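Below is one structure, written out as structure tokens; the observations come after it.
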Amino acid sequence: RCIGRTDLPVDRRKAKRLAHRIRRWARQHGAARVVLTSSLQRATSVGRCLASWGWQHHIDPRLNEMDFGGWDGLRWDSIGAEAVDAWCQAFAEHAPGGGESVLKLLARCGSLLAELNAAESPPCVVGHAGWISAAQWLRGGVSRTPGAAEWPAAVSYSSRVLLARPGP
């Protein structure tokens, strides 16, 4: 399925397991007890769990998954190869399903990354695969717009990804 802004719930046990992993990592690395999540329940459930343990939980819609418009929630085969191919041909500029283009995703991702990189004590972040792919693209320092074939592979659920820019 094409899942972007579809607000699917996540199993409470999965959310709690991920929250435990985040809390453990933060303790081991002396990270701030602050978590930033998207507004979608599959992320906010993790933030609420951490908040119940005394963490600060902030919701930032810039972390939301890509908006696939009319495609959202549909099976990929029902969208059709022709429509997907049209997106791939103009990958960065095309708004699949009338939703959000990759360029718009990159812009909101870049805005948040700039704030995170400037923060003295950056928060832990719970985001979505498309947003994380955008962050990885931006972190790579590539100045041109991406093509479909070079877009970073989606991370799996509960993967840990370093979002800060590497130091000198």
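Spot the failing condition for A154; the list is (1) under 12 Å from the mean Cα position of the chain (by Cα); (2) open to solvent by less than 60 Å² (accessible area, probe 1.4 Å); (3) within 21 Å of W71 (Cβ to Cβ), and only one is missed.
Evaluating A154 over (1) under 12 Å from the mean Cα position of the chain (by Cα); (2) open to solvent by less than 60 Å² (accessible area, probe 1.4 Å); (3) within 21 Å of W71 (Cβ to Cβ) leaves (2) as the failure.
Mind listing whichever residues of the range 126-160 are farther than 19 Å from I3 by Cβ and of a type in the set (A, V, I, L, M)?
Those that are farther than 19 Å from I3 by Cβ and of a type in the set (A, V, I, L, M): L138, V142, A149.
So which residues in the range 1-30 are among the small types (G, A, S) and surrounded by 13 or more Cβ atoms within 10 Å (Cβ to Cβ), if there are any at all?
G4, A15, A19, A26
Among the residues of the range 113-124, is there at least one that is in contact with a Phe, Trp or Tyr (Cβ under 9 Å, 6 or more places away or on another chain) and among the acidic types (D, E)?
Looking through the range 113-124, none of the residues is in contact with a Phe, Trp or Tyr (Cβ under 9 Å, 6 or more places away or on another chain) and among the acidic types (D, E).
Of the residues in the range 68-82, how many are open to solvent by 50 Å² or more (accessible area, probe 1.4 Å) and acidic (D, E)?
Selection size over the range 68-82: 2.
For the range 25-49: of the residues being more than 14 Å from the chain's Cα centre (by Cα) and free of Cβ contacts under 8 Å to residues at least 40 places away in the same chain, which is nearest to H94 (Cα to Cα)?
Restricting to residues being more than 14 Å from the chain's Cα centre (by Cα) and free of Cβ contacts under 8 Å to residues at least 40 places away in the same chain, the top hit is S45.
Please work out which residue is least open to solvent (accessible area, probe 1.4 Å), limiting yourself to the range 31-67 and to residues that are among the polar types (S, T, N, Q), out of contact with any strand residue (DSSP E or B) (no Cβ under 8 Å at 6 or more places or on another chain) and under 20 Å from R12 (Cβ atoms).
S45
So which of V126, V102 ends up being over 11 Å from the mean Cα position of the chain (by Cα), in contact (Cβ under 8 Å) with a residue 12 or more places away in the chain and under 12 Å from E65 (Cα atoms)?
V102
Could you identify the single residue in A26, A31, A43 that is in a helix (DSSP H, G or I), touching a helix residue (DSSP H, G or I) at 6+ places or on another chain (Cβ under 8 Å) and more than 22 Å from G147 (Cα to Cα)?
Being in a helix (DSSP H, G or I), touching a helix residue (DSSP H, G or I) at 6+ places or on another chain (Cβ under 8 Å) and more than 22 Å from G147 (Cα to Cα) holds for just one of A26, A31, A43, which is A43.
Could you tell me how many of the residues in the range 107-128 are buried (at least 18 other Cβ atoms within 10 Å of the Cβ) and farther than 15 Å from V35 by Cβ?
So the count comes out to 3.
The values are calculated or read from the model by the stated rules, or taken from the named source; none is laboratory data. Computed from a predicted model, the values in this text were never measured in an experiment. Here Cβ is always computed from backbone atoms with ideal geometry, including for glycine, and neighbour counts include all displayed protein chains. Areas reflect the complete protein model, heavy atoms only, side chains present, ligands, DNA and RNA absent. Shrake-Rupley method; radii C 1.70, N 1.55, O 1.52, S 1.80 Å.
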